[in-house]
Amino acid sequence: MNKILKLVLNIIIVNIIVIAIYYIANFFKVPLYMYMPYILWLITLFVIYLLLGTTHENIYIKYVEKNNKK
């Protein structure tokens, strides 16, 4: 998937989830300070997801395999 498209879709998804949480909590009269840490945690998870690469490469195993060939 294109990186720009991935970024835009994740921003839209995060916004929808945050707005939904806000309206649900507002409906039940939950104060903002009660659920704001969870929203920030969720946003942080999405940012980390965007920063991580799609392929996994273990640098330690590669180092061991390189030294065993010598």
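At-a-glance table
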quantity	calculated
Residue check, ASN10 assigned to a helix (DSSP H, G or I), surrounded by 10 or more Cβ atoms within 10 Å (Cβ to Cβ) and without any contact (Cβ under 8 Å) to a residue 12 or more places away in the chain	no
Within the range 36-70, tally of residues that are closer than 30 Å to ILE4 by Cα and in a helix (DSSP H, G or I)	17
Within the range 25-35, considering residues that are open to solvent by 100 Å² or more (accessible area, probe 1.4 Å) and assigned to a helix (DSSP H, G or I), the one farthest from THR54 (Cα to Cα)	PHE27
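The values are calculated or read from the model by the stated rules, or taken from the named source; none is laboratory data. Only a predicted model underlies this, so the values are computations on that prediction, with no experimental measurement involved. Cβ: placed from backbone, ideal geometry, glycine included. Neighbour counts: every protein chain shown. Areas reflect the complete protein model, heavy atoms only, side chains present, ligands, DNA and RNA absent. Shrake-Rupley method; radii C 1.70, N 1.55, O 1.52, S 1.80 Å.
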